[in-house]
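A quick write-up on the structure given underneath.
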């Protein structure tokens, strides 16, 4: 049985590229925590906080989506 080093390298590269998704998940969790703290301290500002939270979550989630796209490109195109 011969080892296919190219496939192994692709799998390792794809796994390493997906590491930023953990940071994105942590960031979204911390943003949600901070938004809930802010809303509980100042309920009148909940609309502004929610708007800012949605924008920040969208930008943070974009990092995870970019990492997924790069990982898929590594696996299926490279």
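The values are calculated or read from the model by the stated rules, or taken from the named source; none is laboratory data. These figures come from a predicted structure and were not determined experimentally. All Cβ positions, glycine included, derive from the backbone under ideal geometry; neighbour counts span all protein chains shown.
Summary of values
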item: Unique residue being touching a helix residue (DSSP H, G or I) at 6+ places or on another chain (Cβ under 9 Å) and modelled with pLDDT of 95 or more when the list is 31, 18; result: 31
item: Within the range 48-61, tally of residues that are surrounded by 12 or more Cβ atoms within 10 Å (Cβ to Cβ) and under 10 Å from the mean Cα position of the chain (by Cα); result: 3
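For every residue, the table says whether it meets (1) surrounded by fewer than 13 Cβ atoms within 10 Å (Cβ to Cβ); (2) in contact (Cβ under 8 Å) with a residue 60 or more places away in the chain; (3) part of a helix (DSSP H, G or I).
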{"site": "7", "(1), (2), (3)": "yes, no, yes"}
{"site": "10", "(1), (2), (3)": "no, yes, yes"}
{"site": "35", "(1), (2), (3)": "no, no, yes"}
{"site": "39", "(1), (2), (3)": "no, no, yes"}
{"site": "46", "(1), (2), (3)": "no, no, yes"}
{"site": "63", "(1), (2), (3)": "no, no, yes"}
{"site": "78", "(1), (2), (3)": "yes, yes, no"}
